[in-house]
Amino acid sequence: MVNYRQYQFAMSTCKSYRGLPTLAGIASLEQAMKPGLSVEECVRRLKRYHYAFKRLNQIFTARITAEPVYELKMGFSLHAHLCAEHVSALRKRVGEMREPPLGLEAVPHASLEILFDEILGAPTTNELIAGVYGKALPALKAALERHLSDTNPLADHPSVRVCRFALLEVEDMLGFGSQTLRALVSDSEYQKMSAWLTLLDNCLASAGGLDGTDKPSDVQIQRRHSAKPYEYDRMPKRDERFPDPYNMGVNAEVFLYDAQYPPEPKTLMMFYKRLREIDVPEMMASIITETPHKPWDYYRDMTRQLWDEARHAMMGEVGFANLEVDWPKRVMINYTWSMALNTQLKPLERHAVLYFIEQGLMPKTGKRFEWEVGRASHNLLSALFQDYDWADEVLHARIGRDWYLKEFKDPQQAVKYGDECWSRVLMNWENWRKEGLTQHHNWWPELYREACRHWGIEPDPKVIAYNTTYQSVRADLKELTGSA
Ligand SMILES: [Fe+2]
Ligand SMILES: [Fe+2]
């Protein structure tokens, strides 16, 4: 502790040169004299933020697949990624504080575990978002702010930096969350879930707040949504903008790789392929959720790729919006790939298929080709999106090498296994038609016509006549038909 006389002395004798910022600009001398947090207390708190981000990453990921609303699927994909990045930053910081990274897997308080278990098991989307954005994230924000105001800004500067960056993105998530809650959850719906929200408050109170700095209350806590162990729902769900989810009536790849067609309509097929990639986060979420006990970096890398795939889907959405194409009406985005993989294969087999498909994207017929088509067309946005899509794919190939390939002694064997798994997946094209799930309607001519109206050109009869489905040609181009 610094007493008042010492402080007076310090202030009168330690002035900076000609009024330059003191202490590299991070704080005033006075601010840097406060007792702050000990290393032990600092680590104790950091471990709690770490736990909160880790559980939030897990919750966001697990709830992507069966969440029908497209915007929420995309938002959860981003927020899973942001949380994973902060987990990594916090782990690194804890490891710098005379603490081996041991203890990071421990649950810091039983009531916090219940808090996140309850949110993970929330039976409705409304409860899920009220729990995440209305309770857990605000508590995490308050804890990070408290760290900044409690700790010594000079002694603990590396943690200050980690907390500031985390706060920036926690606030972004809360911004998304409050807009979402206003749009989806009415007062009467809040009313209906008030007992459960009180349970979440009680979990926090019993843990002494998220950071454990308050006196823990001895309130009784009874599990509700987590009374039974959580069961991941691996069946993808979509909202009403995806009215024909079994439709495999327009084969994008056959058109794209056919030299007789010009580049402009090919950009439509690429926007379709991008938007269809909604199924990759749906599928990757299942691998991540159903593959426990991996080193943390596995989850960080896989979540990063998951977010990239969500970005690719949104690039497709922007591409169509840019051409004033009403995509929910014109383009039938299916979920056959994520549904088939999630329901027919084990997690490692799904990863094998993903790896196999992504290996196929690197040669000449893959991402470079798509970028060249974008450049040859007059659609600058298509060229830009394919440029980044290609760069992302190179990263994904690296992630595949780091986390899938290492499961095998021989890389050839790993690729072969992916091929075998992919061949085993049943795409019941004919059965879906017979069962009345889809008619595999050819939506291409209408989409193309609408784009031609935007371009102010007459449709090319050869292009408009394109009518190739995924029924019979899948075997020839099988490595190109999946998402990645
Ligand atoms: Fe992708
Ligand atoms: Fe990818």
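The values are calculated or read from the model by the stated rules, or taken from the named source; none is laboratory data. Note that the coordinates shown come from a computational prediction; the quantities given were computed from them, not determined experimentally. Ideal geometry is used to build each Cβ from the backbone, glycine not excepted, and the neighbour counts take in all protein chains shown. Calculation scope for accessible area: heavy atoms of the full protein, side chains included, ligands and nucleic acids excluded. Shrake-Rupley method; radii C 1.70, N 1.55, O 1.52, S 1.80 Å.
Binning at 5 angstrom from zero up to the longest distance, how are the C-alpha pair distances of the stretch 268-365 distributed in percent?
Cα pair-distance distribution for the stretch 268-365, in percent: 3, 13, 20, 22, 18, 13, 7, 3, 1, 0.
For the chain, what are the per-bin percents of Cα-Cα distances with bins 10 Å wide, up to the bin holding the maximum?
Answer for the chain: a P(r) of 4, 18, 25, 22, 16, 10, 4, 1, 0 percent.
Measure off, as a whole percent, the carbon and sulfur share of the 1.4 Å-probe accessible area of the stretch 38-153, all protein chains present.
That share works out to 56 percent.
Convex hull over the Cα atoms of the stretch 406-475, averaged projected area in nm²?
Values: hull surface 32.7 nm².
With the hull built on Cα positions only, its mean projection is 8.2 nm².
How are the alpha carbon pair distances in the stretch 81-229 distributed across 10 Å bins from zero to the largest one, expressed in percent?
With 10 Å bins starting at 0, P(r) equals 10, 35, 37, 15, 2, 0.
Give me the accessible area per residue for the chain, probe 1.4 Å, as a whole number in Å².
Values: 22060 Å² over 484 residues.
For the chain, the per-residue accessible area is 46 Å².
What would the Debye formula give as log10 I(q)/I(0) at q = 0.12, 0.27 Å⁻¹ for the alpha-carbon point model of the stretch 229-305, no solvent?
One equal scatterer on each Cα of the stretch 229-305 leads to -0.54, -1.26.
Can you give the calculated 222 nm mean residue ellipticity of the chain, where each DSSP H run of n ≥ 4 adds -39,500 (n - 2.57) and the sum is split over every residue, rounded to the nearest 500 deg cm²/dmol?
It comes out at -19000 deg cm²/dmol, rounded to the nearest 500.
In cubic angstrom, how much convex hull volume per residue do the alpha carbon atoms of the stretch 18-103 span? Please report the intermediate quantities before stating the final value.
Values: hull volume 11.5 nm³, N = 86.
Dividing the Cα hull volume of the stretch 18-103 by its residue count gives 134 Å³.
Would you mind getting me the FRET efficiency between Glu407 and Leu184? Use the beta-carbon distance for r and R0 = 30 Å, nearest 0.05. The partial results should precede the final answer.
Values: r = 41 Å, r/R0 = 1.35.
According to the calculation, E is roughly 0.15.
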